[in-house]
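Laboratory data are not the source of any read-out in this text; all were calculated from the coordinates shown. This is a predicted model, so every value here is computed, not measured. So basically every Cβ, Gly included, is an ideal-geometry build from the backbone, and we count neighbours across all protein chains shown.
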Amino acid sequence: MTRAGVARAEVRLGHRSVALDAIRRAERATEEAPDDPSNGGQRGARAEAYQDIAEAYAALATHQVTSPADAKPHWTAACRMWQRSADVWADLRRRGMLAGGDASKADTVARELDRCKARLDGR
């Protein structure tokens, strides 16, 4: 299980502070991981990690004990992570390095980013 997966599990258990700490550790680990622009596999893994972190923030934002006021910063963070994931996928697509199986992942991230932005806009 990934660090972001651990965070989602902690959210489901209602351990908000533990979940947020796990999300932040996942974010830090992703930022510190090697990022070779010429390595499509490595870049794809980074895009997936950003997506996993976004999903963890979204889970925290939608958890039953999260108030609307507390949810907004989690939605903002989720959108930021989905944007980072979308940027990596777009870069891979632009450079012809997007693996066939990853095209659907890129499309999924784009849809989730749109949903997240709509949520922040109150739509």
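Among Ala22, Met97, Pro34, whose Cα sits farthest toward the positive end of the charge dipole of the chain (+1 at Cβ of Lys/Arg, -1 at Cβ of Asp/Glu, about the Cα centre)?
Ala22
Tell me, Met97, Met81 in order of fewest to most beta-carbon neighbours within 10 Å?
Details: Met97 16, Met81 29.
Placing the least packed residue first, the sequence is Met97, Met81.
Whole-Hz ³J(HN,Hα) for each residue in segment 55-72, computed from phi via Karplus 6.51 cos²θ - 1.76 cosθ + 1.60 with θ = phi - 60°, x for glycine and proline: what do you get?
5, 5, 4, 5, 4, 5, 5, 9, 5, 4, 9, 8, 6, x, 5, 6, 6, 4
Residue by residue through segment 84-99, which ³J(HN,Hα) values in whole Hz follow from phi under the Karplus form 6.51 cos²θ - 1.76 cosθ + 1.60 (θ = phi - 60°), with glycine and proline marked x?
Rounded to whole hertz, the list is 4, 4, 4, 5, 5, 4, 4, 4, 5, 5, 4, 8, x, 10, 7, 5.
On the principal axes of its Cα set, how long, how wide and how thick is segment 3-120? Give whole Å, largest value first.
Taking the Cα atoms of segment 3-120, the three principal extents are 43, 28, 19 Å.
Residue by residue through segment 103-116, which ³J(HN,Hα) values in whole Hz follow from phi under the Karplus form 6.51 cos²θ - 1.76 cosθ + 1.60 (θ = phi - 60°), with glycine and proline marked x?
Result, ordered by residue: 4, 5, 5, 4, 5, 4, 4, 4, 5, 5, 4, 4, 4, 5 Hz.
Would you mind pulling out the separation of the Cα centroids of segment 1-64 and segment 68-101, in Å?
Segment 1-64 and segment 68-101 have Cα centres spaced 12 Å from each other.
Could you work out the relative contact order of the chain? I mean the mean sequence separation of Cα pairs under 8 Å and 6+ apart, divided by the number of residues, in percent.
On the way: 131 pairs, mean separation 28.8, N = 123.
Computed value for the chain: 23 percent relative contact order.
Calculate, in nm to one decimal, what Glu31 and Ser67 gain on full extension: separation in residues at 0.36 nm each, minus their alpha carbon distance. Let's see the in-between values first.
On the way: separation 36, 0.36 × 36 = 12.96 nm, distance 2.90 nm.
10.1 nm is the gain from fully extending Glu31 to Ser67.
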